[in-house]
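What follows is a set of notes on a single structure, which appears directly below.
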Amino acid sequence: MGTNKSSIDLEGANQGLDAQGSSPSPASGPEFSPFEAPWSAPFDRRRFLQIVGASMAMAGLAGCRPKLAERIVPYVKAPEEILPGDPVFYATALTLSGYATGVLVKSETGRPIKVEGNPDHPGSLGATDVFAQAAILGLYDPDRSQEVRLNGQKSNWSVFVAAAQKEFARLKSQQGKGLAILTETVTSPTFDAEIQSLLAELPEAKWYCYEPFNREVVFAGAKLALGVEKEPLYRLENADVIVLLDSDFLYISPGRTPYTKQFAARRKIRKAKQDLNRLYAVESTPTVSGAFADHRLSVKAGEIGRIAAALAEALGVPGPASGGVGAEIAAWVKAMAEDLQAHRGRCVVVPGETQPAQVHALAHAINEALGAFGKTVEFIDPVPYGDLYQTASLKSLVAALDSGAVESLLILGGNPAFSAPADVPFTEAVAKARFTVHVGLYADETYDASQWHIPMAHELEAWGDAKAFDGTAAIQQPLIEPLYGGRSCLEVLSAFRGRPTDGREIVRSFWNRDRQNFDTFWTKSLNDGFVSGSAPPSTVPQVKAGWFAGAPGLKPAVVTGVEINFRPDPCIYDGRFANNAWLQELFKPITKVCWDNVAVMSQATAEKFGLWNRVGPTGKELLVSLCDVTYRGRTLTRVPVWIQAGQPDDSITIHLGYGRLRAGKVGSSVGFNAYALRVAAAPGFEDGAKVTARSERYSLATNQVHSYTEGRKELTIFDAEEFGHEEAHGEAHGPISLYPDRPYEGYAWAMVFDTNVCTGCNACIVACQAENNIPTVGKTDVLRGRDMHWIRIDRYYLGADSSEVHHMPVNCMHCEKAPCEVVCPVAATVHSSEGLNEMVYNRCVGTRYCSNNCPYKARRFNFRQFTDKHTPVLKLMRNPDVTVRGRGVMEKCTYCVQRINSARKTAKKENRPIRDGEIMTACQAACPAGGIVFGNLNDPASAVAQLRTEPHHYTLLEELNTRPRTTYLARYKNRNTTLVSALEEFHSTTQ
């Protein structure tokens, strides 16, 4: 995938096209039958061709807008720039909790089919995450809302506009009194300007903000320590020592993708570069970031504030008293303090977003004292607009609704009826308003509570803008005509005010204010994918003296009952992606569970309550206990238990987002709704929960029991000081082989995984799924070991208490001496002249001998017709360069051979060889850590050939002598020997 970008200058027509798309085959949640058509397809082949033609026409009519509300018809003569089979990339942005990630979207004949990172955008730097990769399936999801509805009955846009403008006129006569607007986190400059314009016109109206995972504690902590709300920006490339205080900054933070890239750059150990950073993680539940730590301390969330205070005391930083910590934690604090002091100006302390404001304030005070301000951490004004303290904002809205002060409510995005705190009766309060409007992607729980419902346009269908974690603005441009007639929140708000509803013109008008050479600016911003120079300047504030005087006290040392922690789910986040089958079937980075959420607890806690996990009789599923969790007088019943190494005792972690009732056919009635326990006063954690065992058992789907390699050593880990002194590979048998050698005189493709930077984030898995038309199978077939991902990420536990988590990606090894090839009776798996182990799908008769003979367990078999062939519009989503496989066919990683062939075609046109780095596999392009390298092994100057000369390069299961083309770099821990010695002494004394 190149970095060539084009700009589309088009807009969503008022009359959207009525297409349907589909995720791969789910029909009734996780246990659908893949033989049934999962969704209805009320249009024929002609309608399908109309949609494709309309999308291509839009791409060709740059800057043109139909003046009449007419359906676009297919063109007869294609625009010159649209060549079938020659994709174009367009720059836009996707948001999560308001914060933007810049992306390049691959468009094939007018159809967006793949998302890549924008290397020029600061929120991406060329990489993506699982949520951005899965946006394509979200776009084509046929369960998205498709009709304007009034009180559950079908209506239309014109009727809504008339009713909305009538209500607006009434409100205007009373200065907007009684009007409330509720949004999610807003970072869109244009949307903010439109709301501010409305508030100026209706001064008595109110704007409220809420989403369940916001950054209010970040702003509160900055205000407490600095006197003003600020947004911290970390410069991890400058940090030699990093201390995390319950922070998962590599996975759940607005800057997760660039932070991963910055952090990983300091973990790539080479012969010429061995200056690794060091990461300490003090955390209350295992996370992606904590799994990467050189030292990880597992404690309850309520103890982290005292540890932060003890660290401040050890550094001589004024702050609240810690009240003392135990001997083992004291050893940790002493070692961390000494390491931080030894790296003044090149260290940073990062607090987590579930910790209270006092912990954030302590981190700011420590960072300032260590000279980190302006070097490893900077500050900007808050990126979001509107109310920064969103929990209080929602409570104020509910109080206003209860009192009758709000008569008209516009809910512009989000699903607060599902995600509101359990003690904030949002649904009941909304019923008291006389005029309510909900704009959403789905007819969800909030749809049920509202009078009017307007289908929302997907971000790939609508004009807009949004800011990244560093404040850089990006203009969002549509890639396709709205499939289901959706409208953006900008357009709905404009229609409510009786103004034009042209999303493109609304955005253009905002950016055209007092700007010279606007057309040049507009074209450049669309092409680049961001607005140059829009990032706000960073500042270096000062911590207030005595900031802690009068601040709320730290969590007491003694707690009662079991501590309960609430976290966003690593795959479906806060529930907004519950209907995305790719994310539902994505194995979570730590637990490796899919299609469920669980109560995570330690082995000791599980034994205390009589709970257990064990492998089921098939060897492919995990049987677990069920329990009831009671907290603040509310009880969740039949909660599956997951016993997790590294989880502190007497503490459970529950991920939110499951238990949806109106998510769609994929996500409804999957898992349990933990929002039913979460309260406004304790959104992150609190003690006092009660766990009660049940006699029932439950089957969990996890791939960790699917790919055993008979006890053979796979993952290789060393300490950093061992680099270059200890061989990382296994016992090879030399060149002796029964298989003949093959010459590779042209290209010899190979891949190297750097396990020293792999975080296990899963971005590569979803990118591979999107690129290669890989279907989902549903929970029932996952329980049978039939998951179809071409890449898996194995998880390993190490350490005395098995609390060290390590990740290892495994795909097809493309062995030069491939044991799968010789056993195929029909030559369906063959070897190419460039070293690829290839599948000839139409030869495969499904004997599965190849899979049985693969020592890496990297092949996948279509036991059923997993790919949905009943929904015609699903073809809009599929990559036309990759064959869609059917029942009875084996499949596996192909090294993205379609991308190899595309690069070969380009190089041949230009009469040159393929350049190193010109081919990027889908997994490689998505990886935020840069941990995957692909290239030509016959080119000694190529990156992949150079990595194979590193002393820590090794081959997986080398003793089998299969000579894989996929190889690895060993993982190294940069441990603090002082801390290691102190802990050894402590444990020997206590024992």
- How many of the residues making up segment 589-610 are polar (S, T, N, Q) and more than 24 Å from F292 (Cα to Cα)? 1
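Conditions (1) modelled with pLDDT of 95 or more; (2) not polar (S, T, N, Q), marked per residue:
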{"position": "R576", "(1), (2)": "yes, yes"}
{"position": "K592", "(1), (2)": "no, yes"}
{"position": "E621", "(1), (2)": "no, yes"}
{"position": "T630", "(1), (2)": "yes, no"}
{"position": "G633", "(1), (2)": "no, yes"}
{"position": "P640", "(1), (2)": "yes, yes"}
{"position": "A645", "(1), (2)": "no, yes"}
{"position": "A681", "(1), (2)": "no, yes"}
- Message: Being assigned to a strand (DSSP E or B), of a type outside the set (D, E), free of Cβ contacts under 8 Å to residues at least 12 places away in the same chain and surrounded by 14 or more Cβ atoms within 10 Å (Cβ to Cβ) is true for just one of V805, V830. Which residue is that?
- Response: V830
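Of the residues D868, D916, which is within 28 Å of E108 (Cβ to Cβ), in contact with a Gly (Cβ under 9 Å, 6 or more places away or on another chain) and either among the acidic types (D, E) or in the same structural domain as N580 (by the TED database) (or both)?
Values: D868 fails: in contact with a Gly (Cβ under 9 Å, 6 or more places away or on another chain).
Exactly one of D868, D916 is within 28 Å of E108 (Cβ to Cβ), in contact with a Gly (Cβ under 9 Å, 6 or more places away or on another chain) and either among the acidic types (D, E) or in the same structural domain as N580 (by the TED database) (or both), namely D916.
Could you identify the single residue in S284, S253 that is within 27 Å of I572 (Cβ to Cβ) and under 17 Å from the mean Cα position of the chain (by Cα)? Outline the logic, then answer.
Working: S284 fails: under 17 Å from the mean Cα position of the chain (by Cα).
Being within 27 Å of I572 (Cβ to Cβ) and under 17 Å from the mean Cα position of the chain (by Cα) holds for just one of S284, S253, which is S253.
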- segment 260-274: number of residues that are touching a residue at least 24 places away in the same chain (Cβ under 8 Å) and open to solvent by 10 Å² or more (accessible area, probe 1.4 Å): 8
- Task: Among the numbered conditions (1) outside the structural domain of N762 (by the TED database); (2) assigned to a loop (DSSP other than H, G, I, E, B), tell me where T978 comes up short.
- Result: (2)
- Message: If the requirement is being charged (D, E, K, R) and more than 24 Å from Q196 (Cβ to Cβ), which of these qualifies: E428, E407?
- Response: E428
- All helices (runs of 4 or more DSSP H) inside segment 296-411 with 2 or more residues being hydroxyl-bearing (S, T, Y): 390-403
- Filtering segment 412-446 down to residues that are part of a helix (DSSP H, G or I) and open to solvent by 30 Å² or more (accessible area, probe 1.4 Å), which residue is nearest to F496 (Cα to Cα)? T427
- Item | Close pairs (6 angstrom Cβ cut-off, 6 or more residues apart or separate chains): at negative phi and open to solvent by 40 Å² or more (accessible area, probe 1.4 Å) in segment 317-340, part of a helix (DSSP H, G or I) and of a type in the set (F, W, Y) anywhere | E328/F986
- Go through segment 233-246 and count every residue that is open to solvent by 10 Å² or more (accessible area, probe 1.4 Å) and of a type outside the set (F, W, Y). 5
- Query: Among T962, T921, which is the only one that is crowded, with 24+ Cβ neighbours inside 10 Å and among the β-branched types (V, I, T)?
  - Reply: T921
- Under 8 Å by Cβ, and 6 or more places apart or on different chains, what pairs join a residue from segment 702-727 that is within 21 Å of P964 (Cα to Cα) with one that is modelled with pLDDT of 65 or more and of a type in the set (D, E)? S707/D794; R712/E959; E714/D794; L715/D794
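Quick one: would you say T501 is among the hydroxyl-bearing types (S, T, Y), open to solvent by 40 Å² or more (accessible area, probe 1.4 Å), modelled with pLDDT under 95 and over 30 Å from V228 (Cα atoms)? Before the answer, list the steps.
Numbers: among the hydroxyl-bearing types (S, T, Y): yes; open to solvent by 40 Å² or more (accessible area, probe 1.4 Å): no; modelled with pLDDT under 95: yes; over 30 Å from V228 (Cα atoms): yes.
So T501 does not fit the description; no.
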- Query: So which of G575, G546, G561 is in contact (Cβ under 8 Å) with a residue 12 or more places away in the chain, at positive phi and open to solvent by less than 10 Å² (accessible area, probe 1.4 Å)?
  - Reply: G575
- May I ask you to list pairs of residues, at least six apart or on different chains, whose Cβ atoms are under 8 Å apart, with the first in segment 873-902 being closer than 21 Å to P142 by Cβ and the second being open to solvent by 30 Å² or more (accessible area, probe 1.4 Å) and β-branched (V, I, T)? R878/V884
- Message: I need every pair where a residue in segment 233-255 that is part of a helix (DSSP H, G or I) has its Cβ under 7 Å from the Cβ of a residue that is of a type in the set (A, V, I, L, M), sequence separation at least 6 or different chains.
- Response: L236/I242; E237/A265
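The values are calculated or read from the model by the stated rules, or taken from the named source; none is laboratory data. Computed from a prediction, not measured in an experiment: that's the story for all the values here. With ideal geometry, Cβ positions are generated from the backbone for all residues, glycine too; neighbour counts draw on all protein chains shown. Ligands, DNA and RNA are stripped out before the accessible areas are found, and what is left, the full protein with its side chains, is counted by its heavy atoms. Shrake-Rupley method; radii C 1.70, N 1.55, O 1.52, S 1.80 Å.
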